[in-house]
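Asks: Got a structure here, written out as structure tokens. Questions coming.
The values are calculated or read from the model by the stated rules, or taken from the named source; none is laboratory data. Since the model is a prediction, treat every value here as computed from it, not as a measurement. Counting neighbours? That spans all protein chains shown, and the Cβs are built from the backbone with ideal geometry, glycine included.
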Amino acid sequence: MADNETEQTNTVDLVVEGCRLPVNMAGTDEWPLAEILSRKDVDRAAPEFYVHYIDYNKRLDEWVTLDRLNLDKLQMPKKDKTPVKDGRSSRASTPERDMVNGGLLPGLSRNKSNAGRKRKLPLGEGSEDLAQDSPAPTPPPPTNNNSTPGAVVNSNSNSNSNPPHQPRQTGSMVLDKSHDDIVTRMKNVNMIELGRYRIRPWYFSPYPVELTILPVIYLCEFCLKYMKSRKCLDRHKEKCGLRHPPGNEIYRKGTISFFEIDGRKNKNYSQNLCLLAKLFLDHKTLYYDTDPFLFYVMTEFDNRGYHIVGYFSKEKESTEDYNVACILTLPPYQRKGYGKLLIEFSYVLSHFEGKTGSPEKPLSDLGLLSYRSYWSQAVLETILKLQSPDEGAERPLITINEICETTSIRKEDVISTLQYLNLINYYKGQYIVTLSQDVIDAHNKSMLKRKIRIDPKCLHWNPKDWSKRGKW
């Protein structure tokens, strides 16, 4: 018996950073493979381990106790085969280290060119760059039995479709290999209090270290300033004159309002917004140059003020015509249709600008689901507005470009959506869209769930030509 305990103790001592072994996931009976990211021995008899579940989202990472580890299947870390450089030792190889996930969260970055003019703080990296929203049911692919003819799509519009744009090397979505820093891979904030909600963060965010060791970080829900205690928050409330985000209110319908915030004119708010967003975004690197960005904050109004629901940011000048850099719905407001509302608002702005737009790539997994769902609904809605052909009459015609003009969705996104839904067929020298009744029924059902929509008549906004730097 003593030998077994000694053997287990020796095995526990081998569990270090970079090791992999099955771990019992909280709230389940599953034992997925996980990587040890950190270890703390506060109590020698009961060490704790911070684990990342391989092939699972990082928001599920957690501290676990020894009894949740399967020590019988312990895998020791493998050393990198690359030679040691600059006197630094090689590190354990991980899947994340071999990948290039990238991007900069508008507002905060590791851009060295800004080092001379901005005070740099501890940096982090992040995740879902797009709205978290429950995607509408995907219409099933058409069947050959009861298909009804749809719109004929001009073959010249998509026969030679361009490949998706590659991620940019400058701006708010540059590739960054520095994301493998162990510190930034671990959640550093236990809880935040924002208004009437206490929210458990998903990812790392570079808040001051003296705050991250506290059980709760208190945020002013109007200016987003962070404080260490409720007493400090109460004192701040007496001084804070804001009851809504700074900037111009450009949209209001019912209780929903949108505010446009200039990253140059409202630096403190923009930086605080990015710090907050970083708690729920991954694969992003933070930097403090907010000047090139506009932030559109969606709020809900009640008798206490305008409460932040979510936001998206966009560059004032985008060489790729991206209309969204980062987009987020805060967790308390997710699965209520607000994600699609944010996406729809971004395309309404693009329509007012007379442009087609697209979110910055690459998209996160949840972001791709949200955008695919929105694109599917917007494209099908446009096609179904065409008049149905009478018996013997010609089918209605629409080109890819006309769909783009109506929806303000970029051409490659429209094409990829039609291909994803398996609606395009090649027939007698041209591409046609064939909609089955099942597709139409599924679309109508999903549209009934969208209780709130953007009303362009309620938007009071004039686009600016940001190419003239004097307007910055």
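Asks: Given the criteria hydroxyl-bearing (Ser, Thr, Tyr) and surrounded by 17 or more Cβ atoms within 10 Å (Cβ to Cβ), does THR255 qualify?
Replies: no
Asks: Specify which of the listed residues (GLY27, GLY18) is surrounded by fewer than 17 Cβ atoms within 10 Å (Cβ to Cβ), under 28 Å from the mean Cα position of the chain (by Cα) and part of a loop (DSSP other than H, G, I, E, B).
Replies: Sole residue among the options that is surrounded by fewer than 17 Cβ atoms within 10 Å (Cβ to Cβ), under 28 Å from the mean Cα position of the chain (by Cα) and part of a loop (DSSP other than H, G, I, E, B): GLY27.
Asks: With the condition kept exactly as written, say whether any residue in segment 205-216 is at negative phi, surrounded by 14 or more Cβ atoms within 10 Å (Cβ to Cβ), in a strand (DSSP E or B) and at pLDDT 95 or above.
Replies: No, segment 205-216 has no match at all.
Asks: Out of the residues in segment 422-456 that are aliphatic (A, V, I, L, M) and in a helix (DSSP H, G or I), which is nearest to the chain's Cα centre (by Cα)?
Replies: Of everything passing the filter in segment 422-456, MET447 is nearest to the chain's Cα centre (by Cα).
Asks: Condition (residue is closer than 27 Å to ARG59 by Cβ and of a type in the set (Val, Ile, Thr)) applied to segment 243-250: is it met by at least one residue?
Replies: Within segment 243-250 (the criterion being closer than 27 Å to ARG59 by Cβ and of a type in the set (Val, Ile, Thr)), the answer is no, since none of the residues qualifies.
Asks: If you don't mind, there's one more thing I want to ask. Does SER370 satisfy being in contact with a helix residue (DSSP H, G or I) (Cβ under 8 Å, 6 or more places away or on another chain), closer than 22 Å to THR329 by Cα and not in a helix (DSSP H, G or I)?
Replies: no
Asks: Then there is this: Provide a single number: the residues in segment 52-101 that are at pLDDT 50 or above, within 25 Å of ASP13 (Cβ to Cβ) and of a type in the set (S, T, N, Q).
Replies: Going through segment 52-101 one residue at a time, the tally reaches 3.
Asks: Have a look at HIS307, HIS283 and point out the one that is in the same structural domain as PHE345 (by TED's automatic domain parsing) and modelled with pLDDT of 95 or more.
Replies: Residue meeting the stated conditions: HIS307.
Asks: Would you point out the residue of segment 342-364, among those that are aliphatic (A, V, I, L, M) and buried (at least 23 other Cβ atoms within 10 Å of the Cβ), that is nearest to HIS460 (Cα to Cα)?
Replies: LEU349
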